Structures are given as C-alpha cells and as structure tokens.
Amino acid sequence: MAKMTNSGAKMIAVIAVVAILAVTGVFMYMSGGAQNNIISPPSGGGTGGKVTDWRVVCGDDGLGAVPLGVQNMQDKAATTYLVTTARMYLVSNGVEQFYQTQALGNSGLTTVSSLPCGQTFRVYAAAGSNISAYKDFTVTKELNDPVVINSATWGNLIFRVYDDDNRGYVYSNDSTPDSVDAAGTWRNTSSYTGMQNKWTFYSTTSNTSGPTIGTDGYIRSTIEFETNGTLSSSNRFTDKSLLACLDAQDMSDWQAPSSIKVAGYTVASAAKPDKVSNDGYDYCWEVTDGGNVPVIGASPVALSYEIHAKSGVNPSDDLQWVFLTKGYYRKTLSEDMGNDYYKDDSSQTYVYTQTQYLVQNVD
C-alpha cells in the first residue's frame with residue numbers, strides 16, 4: 001500500500017471536519033437549536049397545525065405588547081377607566097395557567113409588554129375592585145390592538161316594600177328613631193347605621209310595628225329593588241347571577257313560600273349554597289331572564305311572594321331576605337380563579353362584602 005503524504009492527510013481531515021459541521025448544523029436545525037424565539041401557537045392554532053415563526057410579526061424576540069384596560073360598560077363616551085389589579089392567565093385547551101398580575105389605572109390604557117406571541121391570554125378583573133369580568137385575547141403582533149374589558153361597576157341595592165293585601169307601600173324604620181319618612185321611601189342598605197346594613201319594613205300604617213298575621217294567616221308582599229339611584233347610571237348590582245334567599249326564622253311557624261314571581265324574569269327554586277345555609281337561610285331562588293342572567297340596575301325589579309302560617313299557628317317571627325350576586329375571586333390555596341357568591345376562605349366571606357338585607361317585621 002502506498003504511504004499517504006502529509007498534505008493528503010490534512011485534506012482528508014479538513015473534509016471530515018466540514019462533514020461533521022454540516023451534520024451538526026442539520027441536527028441543530030431539525031432539533032430547533034438554531035431557531036431561537038420561535039414560539040408555537042396554542043394547540044389548535046396556526047394554519048393547518050403548522051408552527052408559525054412569530055419573528056415575522058413580533059420581531060427577533062418573539063414578544064408583543066398589548067394596551068389593556070377596564071371600562072364601565074355604561075360609559076358610552078368610553079373615556080373613564082377603572083382601577084384594578086388584573087390577573088392574567090395563559091389559556092391552552094381550556095386550561096388556565098397563572099401568568100402575572102397587572103395593575104391597571106384610571107388614566108387610560110396600560111401597555112403590557114413582553115408577552116409571548118402566539119399565546120392566548122385570559123385577563124380577569126376580580127370582584128375585590130367592585131367589578132367582575134374577564135376577556136380573552138391572543139398576541140399576534142409586536143403592538144396589538146387595545147384590549148378593553150367591559151364590566152359593570154357593582155353597586156348596592158335600594159329597597160321598598162308593597163303590601164299586596166292592603167294595597168299600599170310599607171313604612172320602614174329610619175336610622176333616626178323619631179324620624180318617619182313617607183311609606184314607599186327607597187331605602188339604601190349602605191346608609192343604615194344598624195347591623196348588617198339592613199332595613200326593617202313594618203306596615204302601611206306604622207314604622208314601629210308590623211302586621212299581626214293571626215292564626216292561619218299569611219303575608220303577600222312585593223319587594224322592589226334597584227341599584228342606588230344616585231349611581232344607577234354607571235352601577236349594576238349584577239350581570240352574573242342573582243340569588244334571593246329567605247330566612248323564615250322559625251320553620252315551625254311558616255309553610256314554604258309560594259307564588260314567587262319576578263315580572264319579566266324566570267324564578268326557579270335553587271339549592272342553598274353552604275354559606276347561605278350556615279347563615280340560617282331556609283329557601284333560595286335564582287332569578288334569571290328566561291335562562292339568562294338579568295342585569296339589575298336603574299330600573300326597578302319587583303319580586304312578589306306569598307307565605308302562609310302553618311295550621312293553628314300565629315307567627316310572630318320576622319322574615320329576613322338577602323340578595324346575593326356572584327363575582328370572580330382568587331382562590332385561597334392556589335392561583336386559580338373562582339366564581340361564586342362567597343369565597344373559599346375559612347370564613348366563607350361573601351364576594352361582595354356589603355351584603356343586601358331587608359327584614360319584614362311581624363307582630
């Protein structure tokens with residue numbers, strides 16, 4: 001065999017190195033090692049399931065920015081933004097993964113930067129800010145179109161009670177005991193100085209004593225409610241769910257209520273949530289708009305009901321109502337969001353802490 005010269009050996013070595021580099025480059029390309037910042041869209045996204053090179057629309061870093069804000073849905077001029085700490089989640093195949101919190105101000109949109117292109121986000125405005133809504137968006141370019149969450153601002157209810165038998169509005173107690181307003185005066189639960197922000201309604205003739213039901217008697221009443229009149233142009237008590245619950249105090253006095261009606265809405269008997277049951281309420285009804293959630297705002301909503309004493313009983317226990325609505329909140333033991341009338345903490349705190357009560361006095 002002929003002896004190989006030094007120059008021939010060097011040439012073979014060079015060719016070998018080039019071949020190794022070529023193979024390595026192909027391997028890196030196939031494994032993605034040379035394709036930094038290429039981010040796949042969420043499952044099901046893209047065209048025909050192909051991986052999109054988001055650098056084309058989002059720059060070399062594959063990141064985009066989104067102007068984000070929350071507006072009151074009643075602000076037709078779209079000039080007022082709401083202050084909240086939003087919670088952002090990555091969403092894929094219906095599963096949420098916490099991403100970050102984001103402070104949003106009232107001076108305009110807040111631009112949220114460095115969001116990965118091709119990813120879908122869900123941003124929540126939670127009930128702690130008296131707003132409760134969310135919105136999904138997908139980052140598709142370097143500077144995305146504004147994302148505005150439209151939410152009603154939660155507002156407390158005002159009440160008045162109508163006696164269907166005596167055909168007149170009922171007097172209520174005033175925060176000043178010697179003061180008597182006209183029967184039918186709207187009562188704002190947040191302005192009452194007593195316990196639990198609740199007003200007591202008496203009769204069509206007195207603001208200190210309620211009707212005497214008598215043996216085998218009954219009550220037929222209509223409770224009218226809406227949001228506080230001075231705020232009703234921008235506030236809503238609910239656009240999520242409305243639950244009305246009755247505490248009959250002594251179940252041995254009263255039969256189950258009947259003829260529960262809300263004009264224009266559908267009313268269905270509902271299971272009592274644990275918190276409501278623990279607070280002593282006996283019956284609950286969910287108020288819907290033909291299967292949809294009603295918006296309780298500036299227009300009065302009337303709930304009428306009838307309740308009879310049990311046979312041979314002369315009831316003397318008052319009747320207490322509570323009105324609740326759902327809201328989004330962060331769960332206690334995780335980053336997940338919940339949507340309920342009360343939170344999952346040990347005290348089962350109501351999502352909206354200013355709970356709406358009223359009492360109908362019975363003598």
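The values are calculated or read from the model by the stated rules, or taken from the named source; none is laboratory data. Because the structure is a prediction, the values reported are computed rather than measured. Virtual Cβ from ideal backbone geometry, glycine too; neighbours counted across all protein chains shown.
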Taking only the range 307-363 into account, find how many residues are within 18 Å of the chain's Cα centre (by Cα) and within 21 Å of Thr185 (Cβ to Cβ).
3
Please verify whether the range 239-262 includes one or more residues that are within 26 Å of Arg187 (Cα to Cα), in a loop (DSSP other than H, G, I, E, B) and without any contact (Cβ under 8 Å) to a residue 12 or more places away in the chain.
no
Identify, please: which residue in the range 111-125 is among the hydrophobic types (A, V, I, L, M, F, W, C) and part of a strand (DSSP E or B) and is, among those, modelled with the lowest pLDDT?
Ala125
Selection status of Pro300, farther than 20 Å from Ser132 by Cβ, of a type outside the set (A, V, I, L, M, F, W, C) and touching a residue at least 60 places away in the same chain (Cβ under 8 Å):
yes
When the range 324-335 is examined, which residues are found to be touching an Asp or Glu at 6+ places or on another chain (Cβ under 7 Å) and modelled with pLDDT of 90 or more?
Lys331, Thr332
Mind checking which pairs have a first residue in the range 339-363 that is modelled with pLDDT under 85 and a second that is surrounded by fewer than 16 Cβ atoms within 10 Å (Cβ to Cβ) and part of a loop (DSSP other than H, G, I, E, B), Cβ under 7 Å, 6 or more apart or different chains?
Asp363/Ser209; Asp363/Thr212; Asp363/Ser316
Can you spot a residue in the range 304-313 that is surrounded by 18 or more Cβ atoms within 10 Å (Cβ to Cβ), under 30 Å from Thr101 (Cα atoms) and in contact with a strand residue (DSSP E or B) (Cβ under 7 Å, 6 or more places away or on another chain)?
no
Meets criteria (buried (at least 17 other Cβ atoms within 10 Å of the Cβ), of a type in the set (Ser, Thr, Tyr) and outside any strand (DSSP E or B)) for Tyr352
yes
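Residues checked against (1) within 23 Å of Ala302 (Cβ to Cβ); (2) at pLDDT 85 or above; (3) not assigned by TED's automatic domain parsing to the domain that holds Ile213:
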residue: Val161; (1), (2), (3): yes, yes, no
residue: Val170; (1), (2), (3): yes, yes, no
residue: Asn173; (1), (2), (3): yes, no, no
residue: Pro177; (1), (2), (3): no, no, no
residue: Val180; (1), (2), (3): no, no, no
residue: Ala183; (1), (2), (3): yes, yes, no
residue: Arg187; (1), (2), (3): yes, no, no
residue: Ser191; (1), (2), (3): yes, no, no
residue: Gly194; (1), (2), (3): no, no, no
